[in-house]
Amino acid sequence: MRTKGLRGALAADTALGAGNVLARVLAHGADPTGPGLTFDTPVDGHPAERPLTLGQLDERVAARAAWLHRRGVRPRDPIAVWATGAADMVLSFLALTRLGAIPALMNGKLRPEIAAEYNRRLRAAGVLADAAHTEALAGHDLGAPLLGQPAEAGAGDPADAPPHYRHHDEDPIVITHTSGTTGVPKAVLHSHASLFAATRHLLSMPQAQGTSRILNALPAPHTATVLMVNQALGNRAEMLLLSEQGGERVLDAIQRWRPDGVFGFSVTWAELARFDLSGYDLDSVRLWFNTGDCSHEPHVRRLVAVGSRDTVTREGVVRVPGSVFIDGLGSSEMGHSMFHLTHTADTDRYGRCVGRPYRFTRVAVLDLEGNELPPGEVGWLGIDSPSLFRGYWNDSVTTYRSRLRGWYLTGDLVYADAEGRYYHLDRAVDSVELADGRRFFTALSEERILAACPDVTDCTVVIVKRDDGTVVTDVLLELTAGADPGTDRTGAVRAALGADVGATLRRVVPVASADIPVTVTGKVRKVALRERYLTESPS
């Protein structure tokens, strides 16, 4: 079946959801010799970065399903997966959902004691862990048996795999988790229908440029990678999944694999900003797609200056220099970015603008009583969407604390303009509210510093209200190559912060690039940098 017709058939397929995309794509007549997935590590003797066809992918998934079934995995069993490789994560997800089990995908960078406690709270039926993480878990009580390593499951016989489980819309389909910057992360549950709601919407629309050959630089255990796997399979796109998302790794993969689209988090774009992109062959890239935290203007501008894109002229469609950056704001709980904003080299709408909501969602700015606020007023972001998570696994208290008058409260502070565009100011936990009703925002402060200081490639702002009610602000600066770390930038930073926040500035600290923790989200990065550089507070 032609891809265009297949996409429409998939969008209309009421039996299709996040747990059976591979099977339904084949059932609708997709060519088994067409694209499946490509991994950056070997898979069952298949070389790294050599594409698996759709048929080969189905066979490898069936082999794992057979292996897991022989070890007693059954429908609705929560099975934790702790590994580094994207192949281990994605193939385990596909195999477990084929059985009707519930994969719980874990960030490979969790500390072992946190991972063990997270497993106990899951009340998992079993744990899959690669060699390094199996060793890390030694001596820890997981509350569940270790089933083996994810790669070992490839030794199963595909012919022994049981029939594909028949999912109901509300069946649990995957558990991912939040960053866990302050302790054990929250376990985010998605259903068969909820995690496919956004994908169904996108399949019903014309396929965007930059989505035919994708480099997935999203963390493999994250909800976003599950979404991208299903979108790539539905679009019949090629996709290479990276197990590590550092800037140099991403740039090398772009030059070698030549994708037309690169998908990642804002922390990856900040990583790329450390490099002189003109020295790399990035011409294949038409699209950069961001989700998670929204991105800063200087990082976006560096990316849209490279690559190329198709545009419509009087002479027809022509390829022109400069790529497209689609920004948004999303989280594990949202199930997809809720907003979209398209940037090119000519874009001038920044200032933390995240754009307009997707048509499949309802969005509001709320006060603490759940009343909707008018344009221009800052409040809490509320979401009502079919893509929303179904709650925190084994934690109904936290689940219901995040709901207010039918809205899910994301924990973000935003405002809308009169044209229906939304602006993200900060995570509420990172902002500081003063007694007079004013509020200071760290993310907005970072945006202002980056826009005003060309020799700063990234920054972290930490604002703290002391017990006596006074507020202090510390700023960490990552500088461009060759910039003098001894230069006093306090005046420039204070001016960029503005009079109110600038008056609270305590210190400006240059940060060495080699010391920047490579983490999956900006929230984790902020906590790690704060702990590393700001442990001693001067008077």
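Could you check the range 427-514 for strands (runs of 3 or more DSSP E) lying wholly inside it with 2 or more residues that are out of contact with any strand residue (DSSP E or B) (no Cβ under 7 Å at 6 or more places or on another chain) and closer than 16 Å to GLY351 by Cα?
Qualifying strands (runs of 3 or more DSSP E): none found.
Name, by its number, the condition in (1) surrounded by 24 or more Cβ atoms within 10 Å (Cβ to Cβ); (2) in a helix (DSSP H, G or I) that does not hold for ARG301.
Condition (1) is where ARG301 drops out.
When the range 135-187 is examined, which residues are found to be closer than 20 Å to VAL81 by Cα, open to solvent by 80 Å² or more (accessible area, probe 1.4 Å) and in contact (Cβ under 8 Å) with a residue 24 or more places away in the chain?
Selection gives ASP141, GLU152, ALA155.
Go through (1) touching a Phe, Trp or Tyr at 6+ places or on another chain (Cβ under 7 Å); (2) surrounded by 13 or more Cβ atoms within 10 Å (Cβ to Cβ); (3) of a type outside the set (D, E, K, R) and name the single condition ILE449 misses.
Of (1) touching a Phe, Trp or Tyr at 6+ places or on another chain (Cβ under 7 Å); (2) surrounded by 13 or more Cβ atoms within 10 Å (Cβ to Cβ); (3) of a type outside the set (D, E, K, R), only one is false for ILE449: (1).
Scan the range 257-284 for residues that are part of a helix (DSSP H, G or I), in contact (Cβ under 8 Å) with a residue 12 or more places away in the chain and over 19 Å from the mean Cα position of the chain (by Cα) and jot them down.
Answer for the range 257-284, where residues must be part of a helix (DSSP H, G or I), in contact (Cβ under 8 Å) with a residue 12 or more places away in the chain and over 19 Å from the mean Cα position of the chain (by Cα): TRP257, LEU277, SER278.
When residues of the range 100-123 are filtered for being surrounded by fewer than 24 Cβ atoms within 10 Å (Cβ to Cβ) and in contact with a helix residue (DSSP H, G or I) (Cβ under 6 Å, 6 or more places away or on another chain), how many remain?
Residues flagged as surrounded by fewer than 24 Cβ atoms within 10 Å (Cβ to Cβ) and in contact with a helix residue (DSSP H, G or I) (Cβ under 6 Å, 6 or more places away or on another chain) within the range 100-123 amount to 1.
Which residue is surrounded by the fewest Cβ atoms within 10 Å (Cβ to Cβ), if the candidates are limited to the range 327-368 and must be of a type in the set (A, V, I, L, M) and over 16 Å from THR410 (Cα atoms)?
Of everything passing the filter in the range 327-368, ALA345 is surrounded by the fewest Cβ atoms within 10 Å (Cβ to Cβ).
Taking ASP468 as meeting all but one of (1) open to solvent by 20 Å² or more (accessible area, probe 1.4 Å); (2) closer than 22 Å to GLY502 by Cβ; (3) more than 26 Å from the chain's Cα centre (by Cα); (4) touching a residue at least 12 places away in the same chain (Cβ under 8 Å), write down the number of the exception.
Among (1) open to solvent by 20 Å² or more (accessible area, probe 1.4 Å); (2) closer than 22 Å to GLY502 by Cβ; (3) more than 26 Å from the chain's Cα centre (by Cα); (4) touching a residue at least 12 places away in the same chain (Cβ under 8 Å), ASP468 violates only (4).
Just the residues that are without any contact (Cβ under 8 Å) to a residue 40 or more places away in the chain and among the acidic types (Asp, Glu), please, taken from the range 471-490.
Selection gives ASP484, ASP488.
The values are calculated or read from the model by the stated rules, or taken from the named source; none is laboratory data. Source: prediction; values computed, not measured. In this analysis, Cβ positions are derived from the backbone assuming ideal geometry, glycine residues included, and neighbour counts consider all displayed protein chains. Side chains included, ligands, DNA and RNA excluded: accessible areas come from the protein's heavy atoms. Shrake-Rupley method; radii C 1.70, N 1.55, O 1.52, S 1.80 Å.
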